[in-house]
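S.K.: Mind having a look at this structure? Questions to follow.
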Amino acid sequence: MSLFDYVEFLDLARSLIGRTPGGSTDEAAWRSAVSRAYYAAYHVALDYAVSKALPPAVLPPGNKAGGLTTILEKSLGAVAKGGTTNLVDVYEYAEPVTAKGFVYMDTPGYDPVSATGQIAGGANLVCFTTGRGSAYGCKPAPSLKLATNTRLFEHQEEDMDMNCGTIVDGKESIGQVGQKLFELILKTASGEKTKSEVFGYGEDEFAPWVLGATM
């Protein structure tokens, strides 16, 4: 039995190649695939070491409960959330981002660690999409939490900054919600506090990536 199918991640890399203009096309696509493959392989080894489970559970429990079946599906979903604009460049964890446009940073999937790397790279505002209600809030950059479904927004309205579930509900178009988000970003960048800031969430959420196994 094969513990890990690297071919899936190479296929994902090929799908990214067409979105990367300029001379860095191949490098950006392959670095993306290799970093994802390494991270998934780490979870394969960890799951096997802990539970001797075969096939190993690569996905976090929350992703499984949400309907995902493989890490490939999660990776494809991340690509889809990036929209259709060209991928300009790929950065290492916490590397200063100098390119303008859509870029990719090699971070783990754990929310606080991932956002910490992006903030260290220069992000001064985080737009955090959640479908299962992550209460993540970060410092020093404000974090806008975007609920992807109305049920979540209604259950956690005190912590969700915006309800994007109106798209799935058929009440608003992607363009309409996008315009609202753009206006909310401008207000937040101009000093309006996010709900995380109002309630003091995120005081201890600055979590750098510790390379290697941790407990």
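S.K.: State all residues of region 131-140 that are touching a residue at least 24 places away in the same chain (Cβ under 8 Å) and either in contact with a Phe, Trp or Tyr (Cβ under 8 Å, 6 or more places away or on another chain) or of a type in the set (Asp, Glu) (or both); if no residue qualifies, say none.
M.R.: ALA135, TYR136, GLY137, CYS138, LYS139, PRO140
S.K.: Condition check: of a type outside the set (Asp, Glu) and farther than 24 Å from PRO61 by Cα. Does ASN149 satisfy that?
M.R.: no
S.K.: Exactly one of (1) part of a helix (DSSP H, G or I); (2) crowded, with 19+ Cβ neighbours inside 10 Å is unmet by VAL198. Its number?
M.R.: Going through (1) part of a helix (DSSP H, G or I); (2) crowded, with 19+ Cβ neighbours inside 10 Å one by one, VAL198 breaks only (2).
S.K.: Given the criteria free of Cβ contacts under 8 Å to residues at least 40 places away in the same chain and within 24 Å of LYS187 (Cα to Cα), does ASN163 qualify?
M.R.: Yes, satisfied.
S.K.: Considering only residues that are of a type in the set (D, E, K, R), farther than 19 Å from SER143 by Cα and outside any loop (DSSP other than H, G, I, E, B), which ones fall in region 88-117?
M.R.: ASP89
S.K.: Also: Identify, by number, the condition in (1) in a loop (DSSP other than H, G, I, E, B); (2) of a type outside the set (D, E, K, R); (3) at pLDDT 95 or above that ILE185 doesn't meet.
M.R.: (1)
S.K.: So which of LEU76, LEU54, LEU46, LEU72 ends up being outside the structural domain of ALA207 (by TED's automatic domain parsing), at pLDDT below 80 and not in a helix (DSSP H, G or I)?
M.R.: LEU54
S.K.: Of the residues that sit in region 114-159 and are in contact with an Asp or Glu (Cβ under 7 Å, 6 or more places away or on another chain) and among the small types (Gly, Ala, Ser), which one is modelled with the lowest pLDDT?
M.R.: ALA135
The values are calculated or read from the model by the stated rules, or taken from the named source; none is laboratory data. Quick caveat: nothing in here was measured; it's all calculated off a predicted structure. We place every Cβ from the backbone using ideal geometry, glycine too, and count neighbours over all the protein chains shown.
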